[in-house]
Amino acid sequence: MSEHQHIGIPGYLGVFAFLFIATVITYVVALQDLDGMFFPGANTLVALAIAFTKMTFVVLFFMHVRWQSRLIWLAVVSGFFWLAIMFAYTLQDYLTRSVIGY
Amino acid sequence: MENVDSINTGEDKGEEQVNYLTNGFSIKSWLLTKDHKRIAIMYLISVSVFFVLGGIYAGLIRLELLTPASDLLESGSYNKVFTQHGVIMVFFYLIPAIPAVLGNFLLPIMIGAKDLAFPRINLLSLYIYWVGGGLTLFALMQGGVDTGWTFYTPYSTTFSNSFVMLVGLGVFINGFSSILTGLNFIVTTHTMRAPGMTWFRLPLFVWAHYATSLVMILGTPVVAITILLLAVERLTQTGIFDPALGGDPILFQHLFWFYSHPAVYIMILPSMGVISELISNFSRKKIFGYEFIAFSSIAIAVFGFLVWGHHMFVSGQSIYAGLVFSFLTMVVAVPSAIKVFNWTATMYKGSISYDTPMLYAIGFLGLFLIGGLTGLFLGSVGLTVHVTDTYFVVAHFHYVMVGGTVLGYLGGIHYWWPKMTGKMYSEFWGRISAMLVFIGFNLTFFPQFILGYQGMPRRYAAYPEEFQVLNIFSTAGASVLGIGMILPVIYLVGSLINGKSAGPNPWLLPGLEWRTASPPPTFNFEKTPVVTWEAYSFGEDSGLDIDEARRESRVSPTA
Amino acid sequence: MQDTSWVPLFPEGASSFAWEVDALYFYLIAVSAFFAIIVVAAVFYFFIKYREREKFATPPEIHGSIPLELFWSFVPFVISMTIFLGGAIVYYNQYTIPEDTMEIFVVGKQWMWKVQHGTGQREINELHVPVGRKVKLTMTTEDVLHDFYIPAFRTKADVVPGRYTSLWFEATKPGKYRLFCAEYCGLNHAGMGGWVYVMEQRDFDNWLSGNLSNQTPVQQGQDLFTNKLGCASCHAGGQNQRGAILEGIFGKEVKLVGGQTVIADEEYIRNSILNPAGQVVEGYQPIMPTFKGQVTEEQLVALVAYIKSLSGQSGTTAAPMTPAADGTTAAPANAAGAGK
Amino acid sequence: MTHDDKHDDHYHPPGLQHQFDDMKQQMDSVTIGMWTFLAQEIMFFGGLFTAYLVFRSRFPMAFAAGSNHLDAFWGWLNTLVLIVSSLTMALAVFYAQKGNRNLQVVMIILTMIFGSVFLGVKAIEYTDKYNHGLVPVDGWNKVVPEGEHGAKEGESASLALPFETRVNAAESADGGEKLHPNPRGEFQITDDDIALVTMAQKEGYLTESEKIGYFSNGEIDPEKVKGKVQIFFWIYFVMTGLHALHMVIGLGIMLWLLVMAWRNTFSADYYSPVEISGLYWHFVDIVWIFLFPLLYLLGRHFLAGGH
Ligand code: HEA
Ligand code: HEA
Ligand code: CUA
Ligand SMILES: [Cu+2]
């Protein structure tokens, strides 16, 4: 398995630089009215997309998943998959309610 | 097969071997042990205490329901009694029962490991269980809870005057015990298998525990956080579940059932694992459709997460959601069906013994069948609208939980008793009590189906008179059931004193656990076994010396 | 529609979709019986036929069979889909509310049901509906979850605080049916029930236009107290009662929160019913709801008469209070024709 | 405990526990174990995220209003702090693998420092919420007697500059700490929040459930809006509180690592404790990566964009 695989110091710094820039972008973008410019929810979408990308980088490089066995990949993916199940099936109720009450 | 033989002779009748029980007698050697077998024994004792307590509550419930009026217990106490019965039975008995006792004891042995991957975490999980259980018992002594085991809001957050926080805390803490057990099992199954023990040579018991562990890992944290939110809301009197504060009680139900439906599979899957072992071994035949049983466990674990909304059909969730959850509920029933059919097919052309564990297994088949099929009634959304929150549900879940899991647990305890203690129990009393449990059980809970369809709501301290006759049957059955459950306690404990010595392999079975001494030594095997045979193979390749055993069987304890 | 009255231990069905639920139920019983008989018969047959004949035998190995597996996965799947479809159809009928309904409002409260008709008529723990009319209940609750359940109509729905849920039915047979609270709601959950009266339209109109009665005021008051208004759910006696003790108070001094005392005369009792928060008895929470607008003047008179009788006043023999759970005498006179 | 020793008759590399056969098995077990644990953690926080999701989808404006009371600058700073700590953590693992004790120790200490800075900033933020009556529990806020205040009412809603929350804006306008009167330490919102909702109503942004959620008799009801903002803060405190708890636990683990690293325990052959503690640390970082936009940023554009 992981015979000390990693991206070395430059690699780590590179990932860090990416995370840094992404954080700045998140912040700046949050102050723009993307909802008005594009479509409602655009702000949310962008913010979450950036967060997701950041997470992916941390998981792959800082947490070395990039070099791990399929099993570890499976563990990572299933964690998020289950989370998605919880979101999807809960919302499936809320979003299909009639508006009586709330 | 030399390695097999060398394993098989755990009983080189020479010096009394040191086994895990005789390896240190001080209290400290128990409390600080890292041996999974000792931890399992401590779990066995603790779980039994909770079972007896839960059983006493059950007795009180049944006594109160003998008459329509609420006379033995006034409604406040009755509410506490059934709540505590549910909480104790579910969280402190049924969920830990098979995994933490039988799984803990046997899983490492069955895969040929020295111990679980993380023995200290295993011990920690026991301590967490004790702390959680202790807190709950403390809360009960302070006055108990009356919210129902489901803790529905806003009653639990705002209206109940009972010890919701304390019990919630107990359940919350206990959850981590279950998470850690699951974690240990997953890792152990992945990394600790003996040479030659491939995935498809694993006993189905191990597969079942693997599937269970998945549910424990992915489900339990959700109920933990939910109960935490509930406690914080109760503490601060603001929050997200009480509509008076702008919250939403249905969100609580979603979060609660996201765990608690999969939790029913935490309860049943290990028992199904036990049944696979029992049916195959006591028919002395390879299990029919090994892969299908193995994968159906995983399928149940995964799809079990998609159906929680079937507990909320009338809760006010959207009609659309109700339909989707109903559909998925039907889909999860299929893997269970596959298992039932495979078990039945396994008996075909077997050589079936009538020993106690097998009686329990047959009992399981019948009762789980009824419990599962009535689950379909409940999953069929149009029908549930009528029967939900009635005794139909009560009957359903006792059929699966008692008829399924408890019977599987008892069968397993009998089956592995010689391994765990080195002593044979009394076969005569074993059979008697198995029959009593079966009869008493049906008498108790079958009438409740009828009551339920007639419309008797659950959690009622007093009920209209027209329901009394069936309730009398139910209470009578519970008495028989109670006797059936007490008996094993007596004769099993008795066997420790005067039971016959069991020998490493009293039934001459191929599983790895039967290839080491009874009770096993601390590190399970004298030498790491090398597995060269398929699971449940009784033929040539299993290396069992049948002729020798036959010759000996004239003096064998099972004769 | 089928007639189920011959089935032993079977509940009466009295709504337009009750028969659908029953049909689904019988279908499921048939499916269950089918599988149960197959499996149990096979198990028993094998159990006996292949019992152990010699110790430690090694019967032939059978690994399994893919076609068989597929067969017994596919068949249950198909059958379970029919169950789902059946359930879905019935559910759809139960929960999609038709047009042209008669709307009635229901408010749940620990531990009583308050019902208000479109015409303003109010009742407690009772529901009067005409036969053959589609009725829609719009429901909510003041405190915790409850569940409005009428077994004979084969329908129920949770009542959720902070929002409305609804339920509809069309009663098909005049009669008197049980009403339960089916969602656990605390102390007196088991007592939170009553009756549904299904009446011919003419009787129903009569009922709506007034509550004639030939009971004495004390009897009428007792009836109101224990059944109709649900006073007994708080004042029924026992240790857990949340309301003030009413036996023997009449004419005595009552200590109020804030230290005042008042004499419990007619006026005081009347005020206590209409404006309970105004004079709160010491040692109690001000939880008694106001009954203003729910009790007519006649009823007030009757209530006062009854409470007086609890203190042995005005020549009437003091009637011991009966528990709230027993609601069997509740039928008003003009609804009697509706019962069978 | 005694039986361990009896068993130890063959060679054990340092750090190998009795139940394992070799280091690889141990390393695999520990890694799988940690990832399984993290999957568990995902679901643990997942329950909270679900709650957030449900309420935000229902009351976006109240959440925007709540979000605007948070100081996005602090949140942003903390994100950076955590990212840096993640970097140092990754480097700690790197040096552990290299067997470089000194740099390893340095990196662990740096990680701990950044972790503490994060907690410090959190403490500042919490205090700020306490002072401004934003703790969602009545009576748990700073008591500001009537008369001692001087807060400005009716700030324009579009005043917030980058790096400034509206609370700051309102205060800096007067130059100095001015608080609303809060004699009973209740949860409070400002007129700006109501203004935001009113604005959204005018522009037709309110969803159906919001109309039910904020209105009484056809009018915006400040009490009801307040209730919804309160839910936001309740979720905010629970989420960040649990996250902070994880940070504290993480610091504890770091301390333990520091001791071990100091004693030069780790080498190219045995570094799994650093590696798996790193996994935990990064995970906690990831949670924050999501908390930051969800709690601090979403809805901010309603103000900045100047609707
Ligand atoms: C061990 C625990 C356990 C198990 C295994 C199950 C298994 C199932 N349960 Fe049960 N259930 C509970 C414990 C359990 N349940 C509890 C505790 C509650 C109540 C909680 C509370 O409210 O307090 C409950 C409540 C409950 C409800 C909600 C009732 C209500 O409150 O309204 C529903 C609804 O769908 C349901 C359905 C099912 C189904 C479809 C299965 C299926 O998995 C069953 C599958 C098995 C079979 C189907 C039998 C074998 C199959 C065949 C022989 C072939 C024929 C099959 C077909 C034609 C498909 N259960
Ligand atoms: C593992 C789970 C489990 C188990 C094993 C049992 C076992 C039993 N249960 Fe329970 N039950 C639940 C889980 C379980 N139950 C749950 C979750 C609820 C719902 C709670 C809620 O609504 O919140 C419930 C509710 C419930 C009710 C409905 C209460 C109501 O809604 O008002 C009833 C009523 O009959 C009942 C009865 C029984 C009986 C007779 C047994 C018997 O099988 C018990 C037999 C065992 C013993 C009797 C113990 C051994 C014997 C002794 C220790 C000797 C001393 C005792 C006597 C002599 C009586 N249970
Ligand atoms: Cu109301 Cu139960
Ligand atoms: Cu379920």
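The alpha-carbon atoms of region B:255-328, seen along their principal axes, cover 51, 19, 16 angstrom, with the largest extent given first. Projected over every direction and averaged, the convex hull enclosing the alpha-carbon atoms of region B:286-352 yields 5.2 nm². Give, as a single signed number, the net charge of other residues whose beta carbon lies under 12 Å from the beta carbon of D:Met89, with Lys and Arg counted +1 and Asp and Glu -1. For residues surrounding D:Met89, the net value is -2. Cross-link reach is defined here as a Cα-Cα straight distance under 21 Å, omitting same-chain residues fewer than 8 places apart; for B:Lys286 the lysines meeting it are B:Lys339, B:Lys349, C:Lys49, C:Lys55.
The percentage of C-alpha pairs in the protein assembly as shown whose separation is greater than 59 Å is 21%.
The chymotrypsin sites (Phe, Trp or Tyr not before Pro) found in region A:1-64 that occupy coil by DSSP, while having at most 13 further C-beta atoms within 10 Å, are A:Phe38. Amide hydrogen proximity for C:His146: with H placed 1.01 Å from N in the peptide plane, the residues at 5 or more positions away or on another chain lying under 5 Å are C:Val159. Rounded to whole Å, the principal axis extents of the Cα atoms in region B:147-288 read 60, 29, 22, largest first.
Computed over region D:22-72, the P(r) curve from all C-alpha pair distances, binned at 10 Å from the origin, holds 21, 26, 22, 16, 11, 4 percent per bin. Taken along its three principal axes, the alpha carbon spread of region B:151-219 comes to 58, 16, 15 Å, from the longest extent down to the shortest. Taken over region B:43-110, the convex hull of the Cα atoms encloses 67 Å³ per residue. Rounded to the nearest 500, the helix-only mean residue ellipticity at 222 nm of chain B stands at -21000 deg cm²/dmol, with each DSSP H run of n ≥ 4 adding -39,500 (n - 2.57). Stokes-Einstein diffusion of region D:195-307 at 4 °C, 1.567 mPa s viscosity, Kirkwood radius from Cα pairs, rounded to a whole number: 73 µm²/s. For region B:382-456, the list of trypsin sites (Lys or Arg not before Pro) that fall in a loop by DSSP and count at most 13 other C-beta atoms within 10 angstrom is empty. Scanning chain B for GluC sites (Glu not before Pro) in DSSP loops with at most 10 neighbouring Cβ atoms within 10 Å leaves B:17-559 as the longest stretch between them. Residues of region B:86-101 with backbone nitrogen within less than 13 Å of a virtual label 7 Å along the Cα-to-Cβ line of B:Leu31, please, listed as ranges. What the label zone holds, given the 13 Å backbone N cut-off, is no residue at all. For region C:1-80, the alpha-carbon radius of gyration amounts to 1.75 times the rule-of-thumb value 2.2 N^0.38 Å expected for a compact globular protein. The distance from the alpha carbon centre of region D:40-82 to that of region B:407-438 is 54 Å, rounded to a whole number.
When the inverse distances between all different Cα atoms of chain C are averaged and flipped, the Kirkwood radius reads 23.7 angstrom.
Here is the P(r) of chain A: all C-alpha pair distances, binned every 10 Å from 0, give 13, 28, 31, 20, 7, 1 in whole percents.
Averaging 1/r across all pairs of distinct Cα atoms in region C:233-274 and inverting the result yields a Kirkwood radius of 11.2 Å.
As an exercise, identify the trypsin sites (Lys or Arg not before Pro) in region C:224-288 lying in DSSP coil whose Cβ has no more than 12 other Cβ atoms within 10 Å. Those that pass, being in a loop and sparsely packed, are C:Lys252. Normalised by residue count, region C:102-208 yields a Cα convex hull volume of 80 Å³ per residue.
Distance from the alpha carbon centroid of region C:15-67 to that of region D:124-141 works out to 63 angstrom.
When restricted to Cα atoms, region C:20-130 yields an Rg and a Dmax of 26.4, 82 Å, respectively.
With contacts taken as Cα pairs under 8 Å and at least 6 residues apart, region C:1-134 reaches a relative contact order of 16 percent.
Contact order, relative form, for chain B: 19 percent (alpha carbon pairs under 8 Å, 6 or more residues apart, mean separation divided by residue count). Computed over the alpha carbons of region B:24-555, Rg followed by Dmax gives 22.8, 76 Å.
Read-outs throughout are calculated quantities, based only on the coordinates presented, and are distinct from any laboratory measurement. Note that this is a predicted model, so its numbers are computed, not measured. Methodologically, a virtual Cβ is constructed for each residue, glycine included, from the backbone with ideal geometry; neighbour enumeration extends over all protein chains shown.
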